[in-house]
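Everything on this sheet refers to the single structure shown next.
Just so it is clear, none of the values below were taken in a lab; they were calculated from the coordinates. Worth saying up front: this structure is predicted, and the values here are computed from it rather than measured. Reconstructed Cβ throughout: ideal geometry from the backbone, glycine too, with neighbour counts over all protein chains shown.
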Amino acid sequence: MTDTPTRTEPADWATDQEVRWCPGCGDYSILTAMRMLMPELEVDREKTVFVSGIGCAARFPYYMNTYGMHGIHGRAPAIATGLAMARPDLDIWVIGGDGDMMSIGGNHLIHALRRNVNIKILLFNNMIYGLTKGQFSPTSEVGKVTKSSPMGSLDTPFNPMSLVLGAEASFVARTHDMDRQHMMDMFRRAHEHKGAAIVEVFQNCNVFNDGAWEGITKKQNRDANLITLEHGKPVRFGADDEFGVMVENGAAKVVSVADVGEAAILVHDENKADPSTAFMLSRLSRGPFEPTPIGVFRAIERIEYASSSTTQLAMAHNDKGSADLAELLRSRGTWQV
Amino acid sequence: MTDTAPRELPLQELDEVIIRFAGDSGDGMQLTGDQFTSISAALGNDLATLPEFPAEIRAPQGTLAGVSAFQVRISDFAITTPGDAPTVLVAMNPAALKAQLHNVVQGGAIIVNTDAFNERNLEKAGYDSNPLEDGSLDGYRSYPVPMSQITRDAVAEHGVKPRDAERSKNFFALGLISWMYTRPIEPTMEFISTKFRGKELVIKANEAAFYAGYNFGETAELFESHYEIKPAELPSGEYTNINGNTAISWGCIAAGQLAQLPIFLGSYPITPASDILHDLSALKHFGARTFQAEDEIAAAASAIGAAFGGALAFTTTSGPGIALKGEGLGLAVSLELPLVIIDIQRGGPSTGLPTKPEQADLMMAMYGRHSESPMPIVAPRSPADCFNATIEACRIALRYRTPVMLLSDGYLATSSEPWLLPDVEDLPDIGVEFHTGYNGTNEDGEGIFLPYLRDPETLARPWAIPGTPDLMHRIGGIEKEDGSGNISYDPENHQKMVDLRAAKIEAVDVPDAEISGDSDADFCMLGWGSTWGAIDAALARLQKAGKKVAHIHLTHLNPLPKNLGELLSSFDKVICPEMNAGQLVNLIRAKYLIDVKPVNKMNGVPFTTAEIESAALEAMDAS
């Protein structure tokens, strides 16, 4: 193991395995962004681990030339938690889709976030089950017609950003698969964060839910419907920044800057300890048909779980002294025969 | 009480006594029993204990459901069970008497707290008339003692509030029994001052209650003698009193040191396994990293993650938790990583009897996963043996890179026995090397790492942990190509991998089974796990009665010892007592076509020696 990471190229992070996502899948651009980011992070391949659950997104580890584990459906955050505790020296990424993370693995996701384990979670949200061939997912809109919901789905979807903010996540961000640079920026920010980070990636499933995010991610729609959050800046969007977001009566709403005046526009503060404003922003949009924020919603400092567990081990060692097995066996009193 | 001077009572020597302390869950019976056990251990008696408590934290006071009991057997000879039936019952209230009386041997001593036998308590216990007066205790030696009143009187002078005064009555009972069995006073005084440090009033009250009980025995003209039980002839050395769950916790710590690996426990609280989580959480100075997960699934998954990272990983649970962990255990089989799953079996199915033992998870340990996912199984036979069995499970897990199931049960978990401490230097070295270099070459002759290239001897795959330069690799639950570990859906490869996984477990080195008793007998008792004590004691009784009997006890349930089929076929008759409906019997019949006769018991109470003895006699007589 070396202290100074060797310089790498994106190609060094690719494996010899044939990538088997459907042609045109949004996962390809996320994979490219990740491979391009890695050399910039100046980290070692052998100290990087990708852990995944099950689903199309969960094949990701096979394509990264690092250590990796393709686990079981929904359990990746739990597997990664054990790994992070045993090995606080590693960079651990968790990859999963909306079915993996929001449905079968919902429990593990929220607990990993509240504990603030040092893992970086990428949630590939395509609002559909892909690998099982097209059933509605926990992020699908109500009324989604699929093979398992021929008359339309009845389930109210999760709003992933609202959910993870409610789960005490210390780093929350969102990006989309049509903007490589923004993805790289968000992944980098997640990597720099000490603790659990979650990045939702709007990702297109061109086979079972093609164009689901087009209303906001397609180039011609971005001006009208994509709000890029930047720390310390007023939340504005539109071709000429003519729109903005203001908070009124406990909710965020889209306004015309000309109507309300610049001073009324919300200035984004990702470090705010109280998650209420971030939550309001997460509720701004009801779906990919109206102005939707991307960027870092929240980035706060909070005690990291795995290193805290290491601290407790060290404290116990200082308090109670050496780990003598023979002493332990005698710790509850002995007698001689 | 009389005001006469201490009487000179005859001291009668006994070879053993089985005392059961029974009272309300809040009466402190476990503490009383524990302390009596400690004093007796220090005196050199052999002993075995059997705590019994309700699943509820505080069941309604005075009811049968709320009875908590602690049985301890002390002897001047080597014993392997806490005894079939108590010879002495200490009953703190009517419910305790009602719940326990039927267990007591005819002619046994019944010491009751008469103050608790009021109308209300009698009614709560379901008595129509007072058993102390209606002849219910005919055939027993009954000793009515107004424990509450004397305790109240004794502690009053220390300024204890009347409401709290009675709480010391368990120490009165302990004092009385300590007098009866000539136990020294000092260790209990020390115990009281340590246990209740900082609570001066409680210390004074408990001391006063203890002395009141002790003196009551001596002065009240109620007892005809007191008793002595000489030290047992045990192998010489240093002993501690240990229960099964602590032995497992210490086994985990020992295994980590022997393997020179950090240990990790992923666990979700569940009765009766939680104490292992508690114990290890308090041993952080030994580097024990514990993780209380959000559920059983995450507990197993986190342990798998830790194992991937190079820790010696454990997950602990009881039956329902094993069901939840099943998916993760399938992954562990496929990943071929070392992992020890500890199942403290309890009555089931479902919530079943959380505080009562059963051995009915054997089939689940063996087959309770999807597809073909073989897993070694190790089962300790006594509380102290839990230590060795844990190390053995770790040895197999590490050497063969496989999940291993350790099957203990609620009986072993909570009962205790003296343990001759091993010399730490003599414990086995179970360490394995991480893989650090290439183990193959590609077409261009360059070094590569093949994560599923097996050791030809053990069929174990290399364990290369993250952080190791050049050996980056991906593993997962999808079928892997033999050698490279790359995803493979090739039919022949899958057949090969299924066969390899099975062959690896089948070839785990397991010591030969041994016969105790008469190796030339025609009749054999086959057992596994916690039934050992009762079967061993039954063996002794049968031999004493002139019968020729053999006993084979299995620690390894998968794979079975290589000589087992041959051994078993040398007997005309084999019976198998187990706390399930015949699970080992089915395995043995299926594997060896030997018609082992089941002897089954599933009432939440371990086999008694007498039950096994009579089952054996019956089987011997049957044609």
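Table for the structure above
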| read-out | value |
| --- | --- |
| Too-long pairs where the Cα-Cα distance tops 23 Å, listed order kept, from B:Lys98/B:Lys356; A:Lys320/B:Lys325; B:Lys98/B:Lys169; B:Lys204/B:Lys284; B:Lys544/B:Lys591; A:Lys233/A:Lys253 | A:Lys320/B:Lys325; B:Lys204/B:Lys284; B:Lys544/B:Lys591 |
| Gain in span if fully extended, B:Val498 to B:Arg541, counting 0.36 nm per residue against the direct Cα distance | 10.8 nm |
| Shielding of A:307-317 by partner chains, average beta-carbon count, 10 Å | 3 |
| Computed label-point distance, nm, for sites A:Thr228 and B:Thr114 using a 7 Å Cα→Cβ extension | 9.2 nm |
| Per-pair calculated FRET efficiency, R0 = 56 Å: B:Leu9 and B:Glu506 via Cβ, rounded to 0.05 | 0.30 |
| Phi to ³J(HN,Hα) by Karplus 6.51 cos²θ - 1.76 cosθ + 1.60 over the range B:602-607, Hz, x for Gly, Pro | 9, 10, x, 10, x, 4 |
| Amide hydrogen neighbours beyond the local backbone of A:Cys56, cut-off 5 Å, H modeled | A:Gly130, A:Leu131 |
| Förster-model FRET efficiency, 22 Å R0, A:Asp269 and A:Glu301, C-beta, rounded to 0.05 | 0.95 |
| Separation in nanometres of the label points that stand 7 Å from Cα toward Cβ, at B:Tyr489 and B:His158 | 7.6 nm |
| Given chain B, longest segment not containing exposed loop GluC sites (Glu not before Pro) (DSSP; at most 10 other Cβ within 10 Å) | B:225-432 |
| Estimated FRET transfer efficiency (A:Glu40, A:Lys194; beta-carbon r; R0 25 Å; 0.05) | 0.85 |
| Per-residue average of Cβ from other chains inside 10 Å of B:415-422 | 2 |
| Relative contact order [Cα under 8 Å, 6+ residues apart], the range A:221-287, whole percent | 28 percent |
| 5 angstrom amide H check on B:Asn558, placed H, neighbours 5+ away | B:Ile377 |
| ³J(HN,Hα) computed for each position of the range B:277-282 - Karplus, 6.51 cos²θ - 1.76 cosθ + 1.60, integer Hz, glycine/proline x | 4, 5, 4, 5, 5, 8 |
| Hypothetical label at B:Met363: residues of the range B:573-609 whose amide nitrogen lies under 11 Å (7 Å Cα-Cβ projection) | B:581-587 |
| Averaged over A:51-59, number of beta-carbon atoms from partner chains that fall within 10 Å | 2 |
| Linear extension gain, A:Lys320 paired with A:Ser148, 0.36 nm per residue minus alpha-carbon span | 56.1 nm |
| Distant alpha-carbon pairs in the range B:479-623 (separation over 24 angstrom), percent | 40 percent |
| Sequence-distant aspartates and glutamates (8 or more away, or on other chains) whose Cα lies within less than 17 Å of B:Lys548 | B:Glu514, B:Asp518, B:Asp520, B:Asp522, B:Asp536, B:Asp572, B:Glu613, B:Glu618, B:Asp621 |
| Relative contact order for chain A, counting Cα pairs under 8 Å that sit 6 or more residues apart, in percent | 15 percent |
| Reachable lysines from A:Lys147, criterion Cα separation under 18 angstrom, eight or more residues apart if same chain | A:Lys133 |
| 222 nm mean residue ellipticity, helices alone, for chain A (DSSP H n ≥ 4; -39,500 (n - 2.57); rounded to 500) | -8500 deg cm²/dmol |
| Point-to-point label distance, B:Ser614-A:Asp241, nm (Cα→Cβ direction, 7 Å offset) | 9.2 nm |
| Under 21 Å from the Cα of A:Lys47 - lysines, other chains or at least 8 residues apart | A:Lys120, A:Lys194 |
| Integer Hz, Karplus 6.51/-1.76/1.60 couplings in order for the range A:249-254, x for Gly and Pro | 6, x, 9, 8, 8, 7 |
| Long-range HN-HN contacts of B:Ser142 with modeled amide H, under 5 Å | B:Ile110 |
